[in-house]
Amino acid sequence: MALRDREPPCCLSGGPERRLRGVRDSVAALLSFLWPGLGQLYTGRRRLAIAFAVPAVLVLLVVIYQMRQGLLVFGRGSSVHASLSPPS
């Protein structure tokens, strides 16, 4: 058997396993773009998914709270807004 007739190892070939992994990696990247931690959850890395998702959820909750209270800079009668207006 000649050297060129041997099949390359699976990790070096462009076989279906490698293509499937590439698609799976792309899906994980897309999910992580949509929300931090979703890509890790998709690939089965639950602890890492939680580590990425929890801070994002906390930031989202703070933003929602601030929007409901009125943003400090753009809010009604806030001290920052009042200090930016010229004295009367």
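Annotation: peptides 32-40, 47-55, 61-69, ranked by per-residue average of other Cβ atoms within 10 Å with the highest first, follow the order 32-40, 47-55, 61-69. In this calculation the C-beta distance from residue 24 to residue 56 is compared with R0 = 30 Å, giving a FRET efficiency of 0.85.
Every number in this text was worked out from the coordinates using simple rules, so none of it is lab data. If you're wondering where the values come from, they're calculated on a predicted model, not measured in any experiment. All Cβ positions, even for glycine, are placed from backbone atoms using ideal geometry, and neighbour counts span all protein chains on display.
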